[in-house]
Every structure is written in C-alpha cells, then in structure tokens.
Amino acid sequence: MIIERAQIITNRKLAKDIWKMKFDTPKIAKDVKGAGQFIEILTTDHWQHPLRRPMSIASFGEGVVSIIYKLFGESTLRLSQKRPGDFLELLGPLGNTFSEWNNDSYPILIGGGVGLAPILNLKYACDHHNIEHTMIIGAKNAEEHFIRNEPNNQIFLTTDDGSIGEKGTVMGPLERIALSNTNVTIYACGPTAMLKVIKSFALDHNIQAQLSVESYMGCGVGLCQGCAIHRKNSTINDRSYHEKYSLVCVDGPVYDAREIYFG
Amino acid sequence: MIIERAQIITNRKLAKDIWKMKFDTPKIAKDVKGAGQFIEILTTDHWQHPLRRPMSIASFGEGVVSIIYKLFGESTLRLSQKRPGDFLELLGPLGNTFSEWNNDSYPILIGGGVGLAPILNLKYACDHHNIEHTMIIGAKNAEEHFIRNEPNNQIFLTTDDGSIGEKGTVMGPLERIALSNTNVTIYACGPTAMLKVIKSFALDHNIQAQLSVESYMGCGVGLCQGCAIHRKNSTINDRSYHEKYSLVCVDGPVYDAREIYFG
Amino acid sequence: MAPFTMREKSILADLKVTIGKELFENPVWVASGTFGYGTEAPELVDVDRLGAIVTKSITRHPREGNPPPRIVETPSGMINSIGLANIGVEKYIKDLLPIYEGLSTKVIMNIAGTDIQEYIEIIEMMESVSSVLIGYEINISCPNVKKGGMEFGVDCDMTAILTEKLRDITERLIIMKLSPNVSDIVSIGVSAENAGADAVSAINTVVGMSINAKTGMSDIYTNYGGLSGPAIKPVGLAAVHKLHQKLEIPIIGIGGIVSGEDTAEYMLAGATAVQVGTANFRNPGITENIIDSLTLYLNESNRSSVTELIGKVHTYS
Amino acid sequence: MAPFTMREKSILADLKVTIGKELFENPVWVASGTFGYGTEAPELVDVDRLGAIVTKSITRHPREGNPPPRIVETPSGMINSIGLANIGVEKYIKDLLPIYEGLSTKVIMNIAGTDIQEYIEIIEMMESVSSVLIGYEINISCPNVKKGGMEFGVDCDMTAILTEKLRDITERLIIMKLSPNVSDIVSIGVSAENAGADAVSAINTVVGMSINAKTGMSDIYTNYGGLSGPAIKPVGLAAVHKLHQKLEIPIIGIGGIVSGEDTAEYMLAGATAVQVGTANFRNPGITENIIDSLTLYLNESNRSSVTELIGKVHTYS
Ligand SMILES: Cc1cc2nc3c(=O)[nH]c(=O)nc-3n(C[C@H](O)[C@H](O)[C@H](O)COP(=O)(O)OP(=O)(O)OC[C@H]3O[C@@H](n4cnc5c(N)ncnc54)[C@H](O)[C@@H]3O)c2cc1C
Ligand SMILES: Cc1cc2nc3c(=O)[nH]c(=O)nc-3n(C[C@H](O)[C@H](O)[C@H](O)COP(=O)(O)OP(=O)(O)OC[C@H]3O[C@@H](n4cnc5c(N)ncnc54)[C@H](O)[C@@H]3O)c2cc1C
Ligand SMILES: Cc1cc2nc3c(=O)[nH]c(=O)nc-3n(C[C@H](O)[C@H](O)[C@H](O)COP(=O)(O)O)c2cc1C
Ligand SMILES: Cc1cc2nc3c(=O)[nH]c(=O)nc-3n(C[C@H](O)[C@H](O)[C@H](O)COP(=O)(O)O)c2cc1C
Ligand code: FES
Ligand code: FES
C-alpha cells in the first residue's frame, strides 16, 4: 500500500447518480492483487471532512485504476465536480481479494447498486481467463443501470420496477441459475439487505459464497479499529486481534458467507 | 444591504500576492454610497470556514463592484482560484464612507498595502469630480506595487527598500505635501502601524484626517459585537450602544482620527 | 425572504411546538447574543417568521464588554469573548420593549447576573412594566465573564436556588441555559426542573482558546472564549439526548445548527425547539432557510407534525 | 518518507525535549488508539522518526470492544466509540515488546483499568518483565466504557490516589491523561502533579453524539462517543494553557493537531510535547510532515530550539 498523487484521466456520468473515474496512478496500479480491493480517496484538502472515502477498484490495468461511484453526500458530489487533469491523493490498494475460483467451479457474480464495482472487476478477470460465468446486476430501475441486459451472454439485469431486465431482485436469476448448475460459487457485493438474503440462500443450498461487505472506515489500514463488523466461526485473526469482531479494512472486505454475522 | 449571488467577471493578479476581482452584482452596486464601504464574501459553501471575509470596495459602477485582495490565508487563496463565470455570494454594501470633502480642502489619499483598495475608490471619486488631490501608496517593495509612480500627476509611491518611488514610508511624501499645502484633509487606509503614525502627525499639525480601520469581523452587520475597537471622544452611538467601544462594521470602517484609540 | 412556497400551505407539516403555556409557530429560534436585539438586520431577515427571538444577555447595568480582539474563526467554528456587552435593563425597557410590541414573533429576554440578587432585581424590574415578553432565558453559563455566570452553571445547588427564587416572582417562561463545561450537565438540568423551570436550553459555548502561530499571539484578549458553530454540534446533541433521558420539561437544543437537517437531529435527540447561533453571522436570514428545509424534511419523511420528531432517534442499544 | 532535507541538518533547530528523566528526539508523538500498536503501517510511516509512540490502551484482559457502528465523521472531526478493543496485557508482553526492542523511537504504553487494583496489576506485570518501554500513560478519561475510566477522570481524590499507588511501583514515566469532560481540569492536573506524576497529557476526546437525520438513527452503537480532530483544537489549547498556569510538570498537548503550526500553537500554550491522533487516519505518515514543517517554522522564526516555544504565547492581558 502506498499514498500516491494520482491524476484524473476521465470522470464521467454512467447512469443516474453513478459516475466513473479513471486515475493515472502507476504505483498503486502495479500493486493491485485482484478484484475486491479498494482505495481510500482524499476528496478534499481542507479538514471539514477529515476522513478519506473508501471506493472499490472497478478495473485496473497498466498504470491505471478506475472506480465507479454513486453520489451520496458531499464528498462524492465533490468527486463528480473534478475534471480530467485534476489530481487526487489516493491510498491503496487496500484489503483482500475475492479468492481465486477452482477451475471446475462455476462463478455467479452478483452486484447490487454500486456494489457492482468490484464485481465488474471480477468479471474482467473471468473474461481474461476465459472462465464461463454468469453476472447478475440489480438496481431500482432502468435509470440506474448502465450495463446492457444480455441474457444470451449470461448478463442479467434486474430492476425493482421491471423497467429493464427482470422485475424483482437479483434472487430471481440467482436461484434459477445457481440451482441449475453444479459446483457454483457466488461472488457478491451490494447492500447489506441483499447480502443477507444471498447468505441464507447459499447456506441453505450449501453453496460457496464470497461476500464483499461495507463498513464505515476511519483509516483503511488497521489503525483505528473503526470498521469492525460482527464475525463468527473465525479464529483470532492476527490483524484484527479479535474473535468477535473483524476489521473490514484489513481482514476484508471479502468474507466467506459462513463467517459473516448480519445480526 | 443585501445578499446577492454575484458572477465573477474577471479575476487576475496585479502584483505579488495581490489580485483584483470584479463582480457582476447589480443590486449591491446600485446600493453603494461611496468609497470606504465594504462587502462580506462567502468564500466557500462548506462550514470549515463559517465566517465571510470582509473586503473593501475598490471601485463600483453600473452593475459592477470590484475588490483588490491580498493572498493571506485559505479563504483569499480560494478566491484567487475562482474563474470568471463562477459565482460567489456577497453581502453588502456595508459600513460607512469617507465623508465628502469641502470644496476648499485639499485631499491627500494614503494607502498602505491592500489598504489602497478604498483609497483607489476615493481617487476615482476625486477624478470624477475634478478635485485636485495627491495620492501616496506605500508597500514593502516594487513587487507589491501595481500603480505607476507619477510624481508629476501627484501619485507618489514609496517602498521600504527604495526599489520603486521614494525609499521609506508614506510619511515622507505626506509630511512634505501636507505641510506645503493649506487646508489639507488626509484620507488613509492601511496597516495599524501606519494609521497610528498618520494619526499622530495629523493631531500634531491640527490636520483633519479620516482613517479606515480593520477589525476581525464575525457578521459585518452589527449582530455579533465581535468587531469592536477602542474609541474615544465619542458619544454613545445608537448602533454600537457603547461609549468605549465602537463596532467597525456599522460605525466604521471610517473614523475621524481624533476618535480612534490605538492603545 | 418569501415564505415557503413549494407546496400549498395546507398540506405542509405542522411546525407548532409548545413549551410551558406558550405555543410557538415553529421550533426555530435565534440564540442569545447572535442576533443582537433582533432589530439589526431588517433587510436580511423577516423576524416574524421565527419561532422566537432570544435577545442578547442583559445585565442590571450596561456593560461595555471585553476589549478586542473578541472573536476568531476556528475549524468549523469560532471563539467569542464579547463579555456580555449590552445596554442594561433600563435601556432595554425604554428602547426595545416598544419595538417588540410591534413584532408578531415571540420574544424571550436572556438575562445574566453576577449574583442571585441581580437576577432577581432584573426580573422584578421587567415584571413591573407591561410587555409582550413571553419569558426569560437565564444565562448561568457564559464562559466570558470573570464574576458571576459560570459559578451557577457548574453547581446544582446554586442552580436550584436561583431557579426557585425566579419562579417565585414570574409566571412567564423560565428557561435555564446550561453550560457544557461541566462534569455532569444532567444533574444541573434536573436541579433546574425540580426547582420549577419551564425548560432548559443546552448548550452554551464550550471553553476554547486560539493562538496564531505566525505572531505567537493569543487571538482573543481574554485568552479563553466560547467555542460555537458546527464543530460543537456533537457536544450539543449528546447533552440534549442525555437531558432527554432524565427530564420531563422541554429541552431547547443549541450548538452548531445550520440546516433543517441539523434541527431534525436535535429534535430526534430530544429537543422541543432549537436555537441558531453562529450561523446567523454567515447569513442573518439563514433561519428562514432552516424553517423551509425542515418543512421539506417533514413532508418527505411523511410526518404531519414536527413534534413527531421529539426524542424519536432510533438507537442500537 | 525521506528525512528533512531543505537545509543542512547542522543549522536546523533543535527539536529535543525532556520529560522527567527522558530525552525525546522531537516533541511529535502519536496518540493512543490512533496508531494501533505502532506496527500496522510500516509502508506509510517511518516510526523511528517519531518523538514517541503511545500504544493503544491496554487492559488487564483482552477486550473485544464495542459493537459497530463505532465511528462517524462530524464537522472537522469524528466521533469514536471503540470501547478499548485491545489484546490484553499478556499478549502485549508476548507479541509486542519484542517488536519494540527493535525500534529506536521511544515507546509509551497506555493503560486503562476498571479500578485502581487493575491499573496496579498491569504495571506490576509490566515491571516484572524487561522491556524498552520508557513509561506509562494512564488513561483515566476514556468516555467509551461504562465501568471504570471516567470515574477517575472527573475526581481529584481518585486521581491522586491512583497516581500515588502507581508512582510507588514504577520509576518509569507516569503520564496521567486528562479528560476535558469536567468542570475543572486544572484541579485534576494539580492532584496528579502532587501525587507524583511526571507529566499530564490533555486532552482525551470530548463527549459527543451524531444522528443521521435521513434514517433517524444514532450513528454510533453506544450513542455517545468521543469527539476528536480539528474541531476540538480550541478545547485542547485552552486546557493546556490553563494547566500550564498552575503546573510545574510538563504537559503533553493533544487535540486536533494536523500540522507543524498546530504543534507550535500547543507548545506556545504550554505543552512540552504533543500527540497526533485523528490526523493519522487521514495519512498515517502525517507526523513526518508535521516534524518537517515544525522544523521549518522554527528556522523561519529564528528559534534554535523547540523548547523556546514552551508557554511563550503572548497574551493581551
Ligand atoms: C470497502 C468499501 C468499498 C466501497 N466501494 C464503493 C464503490 O465502489 N462505489 C461507491 O459509490 N461507494 C463505495 N463505498 C461506499 C462509499 O465509501 C460511500 O458512499 C462514501 O464514503 C460516501 O461519502 P459521501 O461524503 O459522499 O457521503 P456522506 O454524506 O459522508 O455519507 C453518506 C454515507 O456514506 C457512508 N460513508 C461516509 N463516510 C464513510 C467512510 N469513511 N467509510 C465508509 N462509509 C462511509 C456512510 O454510510 C454514510 O452514511 C465503499 C465503502 C467501503 C467501506
Ligand atoms: C472592513 C475591512 C475591509 C477589508 N478590506 C480588504 C481589502 O480590500 N483587501 C484585502 O486584501 N483585505 C481586506 N481586509 C482584510 C481581509 O478581510 C483579510 O485579509 C481576509 O479575511 C483574510 O482571510 P484568509 O482566510 O485568507 O486569511 P486567514 O488565514 O483566515 O486569516 C489571516 C488574517 O486575516 C484576518 N481575518 C481573517 N478572517 C477575518 C474576518 N472574518 N474579518 C476580518 N479579518 C479577518 C485576520 O487578521 C487573520 O489573522 C479587510 C478587512 C476589513 C475588516
Ligand atoms: C458572538 C456570540 C455571542 C454570544 N452571546 C451570548 C449571550 O450574550 N448570552 C448567552 O446566553 N449566550 C450567548 N452566546 C451563546 C449562543 O447563544 C449559543 O449558545 C452558542 O453560540 C452555541 O450555538 P451555535 O453553535 O449555534 O453558535 C453567544 C455566542 C456567540 C457566538
Ligand atoms: C479511534 C480512536 C481511538 C482512541 N483510543 C484511545 C485509547 O485507546 N486510549 C486513549 O487514551 N485515548 C484514545 N483515543 C483518544 C486520542 O488518543 C486523543 O486523545 C484524541 O483523539 C484527541 O486527539 P486528536 O484530536 O488528535 O484525535 C482515541 C481516539 C480515537 C479517535
Ligand atoms: S478503517 Fe481503521 S481499522 Fe479499519
Ligand atoms: S462584525 Fe459582527 S458586529 Fe461587527
């Protein structure tokens, strides 16, 4: 991990309130280990907002890293006002990665909302390694989607209102596809409510699932103990130093579904 | 007084750390009563810096107002980063004005540092009314001056290091000119140290002097009582409600030299 | 300064709140010392839209206040040490009461004394003249005067005695204004309640200091002053929430409020009304924006009355 | 992370400061709980450049800490309620002391207990093993645990007794860490001094709360947490300046420090050293920048030693 002053290459709107920003950040790009990792962005040089903002890496390549972010509050609004050529200070890459798939398993990638950022990253890896897979992306409505619904290419969109793709949540396609394939592994990132249902489904059907979770972060590097989440079935971890809680920034953000306790 | 969202027409550097910004601000411009008044600028839309920044009006005309500002801290730095077309919220016009000269008096206008802003404003008024006058502007060195030294036109520059105009303070030209004219009135704005010497000089020689002073301001409109300065020889003022202290934002910033107590 | 126009008045949420026997049009007031005597900025704010005006602390005799410098900006806040500069009670009666007769908003007089006798004397003087004042806010918590003020604010017994004596001589609202600079604000609030206060307001400013590294100078003449503004919002929220757990009487929340959302947060924590201080310096009409955005917030969250917020924060534990 | 290179080392101002019998290379330390155990971010900061590391509060037995959510950002600050999550003293001795042997920077262990006996026990355990620790910072002021902590911090007598007992069993530095959430921080500092403390550190966090208006939820599981960051700098400066008027022993200034100028301000107010907390979360290497900018500040203001700053603020009164 490193702090790098990165130049913005592009910054554009993809869908309603959803933006993509690409950075020229050679050192961090070189360090990225895989999908699931994130960076911490300093969105301002004054101290009104003392903390950085964590954002998943949505793709990375030779010298570049990109994020996909949703306008939420002041800091993400400020991100959207940046122009190509501006600089931002990044800290990263941070956190763990989705673990590699076995060659004989069938990955189902699930993204909800901006949780699709690390999922897209994982999809690029699948494509790159020619691994057959399915991707399911959920959102409220068509306005929030920027990916094409291509059931033939195993890309399924869902919307709460049916305005694009299937009406309903990601669970519709997930259940269908997971139960009609063998040796499935689920990789998911999205709102807690979604992860909770996926977890139940996976445990009920004894399906492997890796979930990327969110947590309010103070430092991103294990200093503040602020990002703790409940965790079960785990042993004392060297970095979190605790049994009951796990620090998402160092032990996560990706956890085995069986380890996470959603309360 | 009014709060107006004003568009920046120009914003450019005049000299070392000294900038000029011109606003399209019809309502405030219409209200300006004369040289000496100031505006309060909201330099940011977040609350890291809760307070506006007071700036003297350096010139005003049909629908426009300009300021001349020195880079001091964060807020003035941020002003310098604004581009034409950007908007800033202004509150003004505030405070009193230099009072009108008698037709038979000879004005000597003195500006030190960015204290020259209201003085320039006064000079425009003199020029406009064809009133003969002298202007003396002091600074540390040539780099900080952006006005031409034109002794023939009664514009005298001074510098501490003699790099342009006369070496020394404004007191050199002032003493010479004040004492060789009759019925002089001094109008001055600048650092407290300068105003203090001018005050002594004026009192010693029984010369009328109007001094524009600075004070840390909270509100600019008489609500906070923060901008108080010592004052003597005054009666209880209706706005300040006090004998010993005067609120610069409502009773000032221009005071008769005899009223001010520099401690 | 036009009133809220986004929807028809009739379908807007009800902003009325009650404290003691008084009904307020809305819970957004201006805080003592941050809005002068309410007459300073008529061009910038329509005072009749405010829930109430709390006027600057008045002492028995006029006070010049502390020498300058009196204020300085700090991160997301400011420090002040005005030192209770004010015109004194006689002039308040003579010059200001007549003006307040002409307002339709409610006026509360904030009072500061150096000993119990002085508070009593001021209220007796006020009670002996007719006026539209609806109540008194008792400043027992100003950090900027050497004598008086603070002594009461940190002591339960003194708070109780003072409240009791004032209760005896007025039927108007008595609001005790509490200091955050104490080990236990709740027990002081409890003393005020037991002694008959109609409400408490919290918080006054937090003791702070500012130094200019460049000049090596203290930024404030008296060195210590009162910290206010968004920086102290968490301190005020904690005080209000704690007080709400123990008190029956209404709490008026103060500290760092700059928006309708901030107001909602204070009310969720347990406040029945709020006072806006430092934010007035940035924009003397900000309370009008706050009222509008609070209304919008209530409508968007499907609440028909602002009172539905009071104390309704959801907690984990 | 390169050391200061703007001028020759030889002409740079001397940053050394002394506390008790210990000489520190510079006055810039990291604050307890904001730098983990000092081993977390080796890529981002050269810990050997720090004046000292104060490690996270250690309790007699490991503690899991409070349930999430534990932190939230506030205007120019943050609230935390970690609840003293820590590995306990045995694991500290076993896992961490060996690592500290390898550092050239000084290490101070911060200790928290639920009663006097627990503090004593921890220090006895530490004294019974050999280590490079130079001292103990005694946390009597954590606002985030129900039992213990705060009770001492608000009480002079308890502070005196605790300090005295600990003084009896160690010759290492004893630094009592003071709470700002009290009516009178100075008298507690005086108690610590009289009972034999080598220094006091001030301040710990200020009690605060945060509520999300959108969800109506408290942002912190325990509701109340500790406010830190630039927002509280004025509170820390006031505490340090007040303590400096009364105490002979050194004061370690804490609260909202993010720059060399902030450090200078605290030292002008009376601090002999400072601790940097929240700012580490933004940049774990920020203390290196602070050391560099402090050096620059001293050179530009023609001071040859950082000790020339201590208590030298110019005041009006
Ligand atoms: C590991 C991780 C990866 C993430 N990846 C993405 C991503 O790829 N795209 C994306 O749009 N968002 C992502 N987020 C969420 C993102 O960090 C928040 O949306 C962002 O911080 C909001 O900042 P704001 O100032 O705009 O909103 P604010 O108004 O400050 O806050 C709105 C909400 O954002 C969240 N938030 C604020 N500050 C933090 C913080 N320091 N740490 C965590 N959450 C915070 C809180 O839930 C808060 O209620 C991720 C979060 C984590 C922990
Ligand atoms: C009536 C009046 C007229 C002024 N006219 C001009 C002008 O024409 N051109 C010009 O360059 N400057 C003028 N000033 C000074 C100007 O307001 C400050 O330089 C500016 O506020 C600095 O802000 P900053 O954030 O850049 O600096 P900071 O780093 O915030 O502060 C640097 C210094 O600026 C001063 N300052 C900061 N905030 C305030 C405040 N709210 N009120 C008053 N002073 C403050 C203080 O002395 C402070 O020490 C005027 C001040 C007053 C009172
Ligand atoms: C400049 C200034 C003057 C104040 N004067 C008084 C006063 O006279 N009496 C009083 O009770 N409180 C006074 N206060 C405290 C405020 O009423 C309020 O309690 C405090 O500022 C916190 O609110 P805020 O954060 O919204 O400013 C003053 C505050 C400021 C900033
Ligand atoms: C996340 C966090 C954890 C903390 N943990 C401790 C602790 O374990 N022991 C302690 O004495 N102080 C602890 N503190 C308080 C800090 O050491 C420091 O006193 C406080 O944060 C003020 O400094 P700052 O404004 O620079 O952060 C903690 C502070 C934070 C923000
Ligand atoms: S974010 Fe600080 S420990 Fe994880
Ligand atoms: S600046 Fe507030 S009264 Fe003058």
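The values are calculated or read from the model by the stated rules, or taken from the named source; none is laboratory data. These numbers were taken from a predicted model, which means no experiment stands behind them. Reconstructed Cβ throughout: ideal geometry from the backbone, glycine too, with neighbour counts over all protein chains shown.
Below are the figures for this structure:
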| read-out | value |
| --- | --- |
| Any pair with Cβ under 7 angstrom, 6 or more apart, that starts in region B:1-12 at a residue that is free of Cβ contacts under 8 Å to residues at least 24 places away in the same chain and ends at one that is hydrophobic (A, V, I, L, M, F, W, C) | B:ARG12/B:TRP19 |
| Enumeration of residues in region C:244-257 that are surrounded by fewer than 24 Cβ atoms within 10 Å (Cβ to Cβ) and β-branched (Val, Ile, Thr) | C:ILE249 |
| All positions within region C:270-317 that are in a helix (DSSP H, G or I) and touching a Gly at 6+ places or on another chain (Cβ under 6 Å) | C:PHE281, C:ILE290, C:SER293, C:LEU294, C:TYR297 |
| Identity of the residue in region A:43-77, aliphatic (A, V, I, L, M) and within 11 Å of ligand 1 (Cβ to nearest atom), that ends up surrounded by the fewest Cβ atoms within 10 Å (Cβ to Cβ) | A:LEU77 |
| Strands (runs of 3 or more DSSP E) wholly inside region D:102-195 containing at least 1 residues that are modelled with pLDDT of 90 or more and aromatic (Phe, Trp, Tyr) | D:135-139 |
| Residue in region D:247-265 that is acidic (Asp, Glu) and farther than 25 Å from C:GLY77 by Cα present | yes |
| Count of residues meeting criterion [within 11 Å of chain B (Cβ to nearest Cβ), over 27 Å from C:MET217 (Cβ atoms) and not acidic (Asp, Glu)] in region C:69-113 | 6 |
| Single condition C:PHE281 does not satisfy, out of (1) away from ligand 6 (no atom under 16 Å from the Cβ); (2) touching a Cys at 6+ places or on another chain (Cβ under 7 Å) | (1) |
| Answer from D:GLY253, D:GLY236 - the residue that is more than 7 Å from every other protein chain (Cβ to nearest Cβ) and under 19 Å from C:LYS214 (Cβ atoms) | D:GLY253 |
| Residue within region D:219-239 that is more than 30 Å from C:GLU265 (Cβ to Cβ) and assigned to a helix (DSSP H, G or I) present | no |
| Residue check for C:LYS233: more than 17 Å from C:PRO75 (Cα to Cα) and of a type in the set (Lys, Arg) | no |
| Answer from B:GLN81, B:GLN48 - the residue that is within 16 Å of ligand 4 (Cβ to nearest atom) and out of contact with any Pro (no Cβ under 6 Å at 6 or more places or on another chain) | B:GLN48 |
| Contacts under 7 angstrom Cβ, first residue in region D:210-223 being facing chain C (nearest Cβ under 7 Å) and without any contact (Cβ under 8 Å) to a residue 24 or more places away in the chain, partner in a strand (DSSP E or B) and surrounded by fewer than 24 Cβ atoms within 10 Å (Cβ to Cβ), 6 or more apart | D:GLY216/C:HIS314; D:MET217/C:HIS314; D:SER218/C:HIS314 |
| Those residues of region D:69-101 which are aliphatic (A, V, I, L, M) and assigned to a helix (DSSP H, G or I), in sequence order | D:VAL89, D:ILE93, D:LEU96, D:LEU97, D:ILE99 |
| Pick from region C:182-209, criterion buried (at least 24 other Cβ atoms within 10 Å of the Cβ) and within 14 Å of D:VAL206 (Cβ to Cβ), ranking: nearest to the other protein chains (Cβ to nearest Cβ) | C:GLY208 |
| Top-ranked residue in region A:52-78 [being over 20 Å from A:ASP24 (Cα atoms) and within 14 Å of chain B (Cβ to nearest Cβ); ranked as nearest to ligand 3 (Cβ to nearest atom)] | A:GLU74 |
| Condition met for C:THR315 (among the polar types (S, T, N, Q) and more than 8 Å from every other protein chain (Cβ to nearest Cβ)) | no |
| Spans of strands (runs of 3 or more DSSP E) in region A:1-95 with at least 3 residues touching a strand residue (DSSP E or B) at 6+ places or on another chain (Cβ under 9 Å) | A:2-15, A:18-24, A:38-42, A:53-56, A:64-70, A:87-94 |
| Residues that are of a type outside the set (Phe, Trp, Tyr) and modelled with pLDDT of 95 or more, drawn from region B:17-32 | B:LYS20, B:MET21, B:LYS22, B:ASP24, B:THR25, B:PRO26, B:LYS27, B:ILE28, B:ALA29, B:LYS30, B:ASP31, B:VAL32 |
| Residues of region B:202-235 satisfying the condition of being at the interface with another protein chain (Cβ under 7 Å from one of its Cβ atoms), within 12 Å of ligand 3 (Cβ to nearest atom) and surrounded by 24 or more Cβ atoms within 10 Å (Cβ to Cβ) | B:GLY218, B:CYS219, B:LEU223, B:CYS224, B:GLN225, B:GLY226, B:ALA228 |
| Condition met for C:ASN289 (more than 8 Å from chain D (Cβ to nearest Cβ), surrounded by fewer than 24 Cβ atoms within 10 Å (Cβ to Cβ) and within 16 Å of ligand 2 (Cβ to nearest atom)) | no |
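Yes/no per residue for (1) of a type in the set (D, E, K, R); (2) more than 14 Å from chain B (Cβ to nearest Cβ); (3) within 19 Å of A:ASN121 (Cα to Cα):
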residue	(1), (2), (3)
A:GLN7	no, yes, no
A:THR10	no, yes, yes
A:ALA15	no, yes, yes
A:THR25	no, yes, yes
A:LYS33	yes, yes, yes
A:ILE39	no, yes, yes
A:LEU42	no, yes, no
